[in-house]
Amino acid sequence: MSTDSQDLVPITLTHHGKPHTFSFPSDATISDLSDEIADSLSVPPSNQKLMVSKLGLLKPPFKDPGLSISSIADKKITLMGSTAVEASSISEASEHASRRVTRQSRPMQKVSAYKTHDWKKEQEEAQYTFTTLRPLPYLPNPSKSLQFLQRLKADAGIKASMRKHKFTVPLLTEMNPIEHTQSNHEGTSRTLGLNRNAGEVIELRLRTDAYDGYRDYKTIRNTLCHELAHNVHGPHDRNFWDLCKQIEKEVEGADWRSGGT
C-alpha cells in the first residue's frame, strides 16, 4: 500500500478562488484530470478551460490528450468554467434582465404617448440590431458582461447607425482576453474585436487582462463601430476607414448624453 501512495501524483487547481487537490497515478493524463473535474466539480468538459502557467490555455478536446499529469503537477493551474447549474443561471439572468429593461421603459412610453407613434422607427430598430447577446459563462460574473452588452445594444448612437446602414447582427458576444493576447520580444498585442463572416458574429474585448474589471465603455463602443464597418468592407482599405469614421460620427452625434440629438 505504501508503494501505491508513492506512485500517486498530487495536482492542485483553483476554481472560483478555491483550491482543489486530486491524486492520480503517475501515468495519468490531462484527459483523466478533465474527467475528474467533471465528476468532482460538476464542470462539464465543454465548459472547462485550464490556465496552466508557462503552457497557457488548455481545454477539451485537448491537442495532446496524452499529456502527462506529472508534467504539470508543479505548475499553477486555474480552472475557468461554469457548472451545469451556473450555466443555466446565465440564461435565467438574461431573461430577468430583459424583463427589467421592459419595465424600465414603460414610464418613457407613457410620457411619449401623446406624441405621434413612430411605428416605422420601432420596426426598424427591432430588425436592425443585435439579435442575441451572449456573455462567456465560464468567466467571472457573466451577468455583468451581459449588462455591458445590453448597454451597447441600447446605446442611442449604435441604434441610430445600425438603423441607417440596415445592419442586423445575429450574435454579439464577448471575447476571452487571454485567447486574444500575444506576447513576444517586440511586446504584447491585443485583439480588441472580431467580426466573423461579415456580420454573423461580433466579439468584443470587454474585460481587462487581469479579469478584475471592464475596459472603458466609449473605447469599446469605438471598437464596435470598427467591427460594424467590417459588415461591408473586409480589408482595412480607404473604403473601410471612411465608413468606420462615418459610423463613429453617427454614433457620437446620436448619443444624447454627449450632446448629440
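Below is a table of values for the structure above.
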quantity: Electrostatic dipole magnitude of the range 2-80 [Cβ: Lys, Arg +1; Asp, Glu -1; Cα centre; debye, to 20]; calculated: 560
quantity: Loop-located trypsin sites (Lys or Arg not before Pro) in the range 152-196 whose Cβ has at most 14 other Cβ within 10 Å (DSSP); calculated: K166
quantity: Gain upon complete extension [T219, K121; 0.36 nm per residue less C-alpha separation]; calculated: 32.5 nm
quantity: In the range 131-240, GluC sites (Glu not before Pro) in a DSSP loop with at most 13 other beta-carbon atoms within 10 Å; calculated: E186, E200
quantity: Cα-based reach from K245 at 15 Å (exclusive), listing aspartates and glutamates while leaving out same-chain residues under 8 positions away; calculated: E227, D237
quantity: Under 13 Å from K54, Cα to Cα: aspartates and glutamates that are on another chain or at least 8 residues apart; calculated: D74
quantity: T12-K245 pseudo-label distance in nm [points 7 Å out on the Cα-to-Cβ vector]; calculated: 5.6
quantity: Residue pairs, from the table K159/K218; K49/K166; K144/K218; K59/K144, whose Cα atoms sit over 26 Å apart; calculated: K49/K166
quantity: Stretchable slack from K166 to L194, in nm (0.36 nm times residue separation minus alpha-carbon distance); calculated: 8.1 nm
quantity: Proximal charge balance of P140 [Cβ under 10 Å; K/R count +1, D/E count -1]; calculated: +1
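Read-outs throughout are calculated quantities, based only on the coordinates presented, and are distinct from any laboratory measurement. Values in this document were obtained by computation on a predicted structure and should not be read as measured data. All Cβ positions, even for glycine, are placed from backbone atoms using ideal geometry, and neighbour counts span all protein chains on display.
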